[in-house]
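Here the structure is laid out as structure tokens; the discussion comes afterwards.
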Amino acid sequence: MAKDLFTPEQQQQIVESIQEAEKNTSGEIRVHIEKKCNGDVLDCAAFLFEKLEMHKTELRNGVLIYLAVEDKKLAILGDVGINLKVPKGFWDEIKDHMVDNFKKGEFTKGLAEGIIMAGEQLEQHFPYQKMDANELSNEISFGKS
């Protein structure tokens, strides 16, 4: 199972990175991990974005980091509220940084650092607001495979 790819300690480190990243932004970050992605990685990520109800944030500022480990596929998908404010290729630097870590077998480090970087980028466009509520779970979701 995909959940077995990361130890409980590694999973906790990823969740803590999400919590840290969201401290300075109203943006919401989720991570989904599975072994295989059958088809186009952006299609898989878009399907999960909808399934995880990430489009239901007030400012439409959710971000999904999707990783299919065995297929070596990664996508970072932002909601429409983000896409209206950021330039094309906005996530490329973060994605490249994560892939560099993944190539070294450092999946937890790559995810954790990518999450922090995403939070820093989101802060520029969606700063934390006093009454901000955590609209989406910070827990990692896992595919069944």
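The values are calculated or read from the model by the stated rules, or taken from the named source; none is laboratory data. Please read these numbers as outputs of a predicted model, since none were measured by experiment. Here the Cβ is made from the backbone with ideal geometry for all residues, glycine too, and neighbour counts use every protein chain on show.
Within the range 71-84, the presence of at least one residue that is charged (D, E, K, R), touching a strand residue (DSSP E or B) at 6+ places or on another chain (Cβ under 8 Å) and closer than 21 Å to Ile14 by Cβ is confirmed. Could we say that Glu93 is of a type in the set (Asp, Glu), more than 17 Å from Ala21 (Cα to Cα) and modelled with pLDDT under 95 here? Answer is no for this residue. Highlighted here are the helices (runs of 4 or more DSSP H) found entirely within the range 1-111 that include at least 1 residues which are exposed (fewer than 13 other Cβ atoms within 10 Å of the Cβ) and basic (Lys, Arg): 41-51, 92-103.
For the residues Glu50, Glu28, the requirement of being over 23 Å from Gln13 (Cβ atoms) and either touching an Asp or Glu at 6+ places or on another chain (Cβ under 6 Å) or not hydroxyl-bearing (Ser, Thr, Tyr) (or both) singles out Glu50. Anything in the range 81-102 that is touching a residue at least 24 places away in the same chain (Cβ under 8 Å) and over 18 Å from Asp40 (Cβ atoms)? List them, or say none. Those that are touching a residue at least 24 places away in the same chain (Cβ under 8 Å) and over 18 Å from Asp40 (Cβ atoms): Gly81, Ile82, Lys85, Val86, Phe90, Glu93, Ile94, Met98, Phe102.
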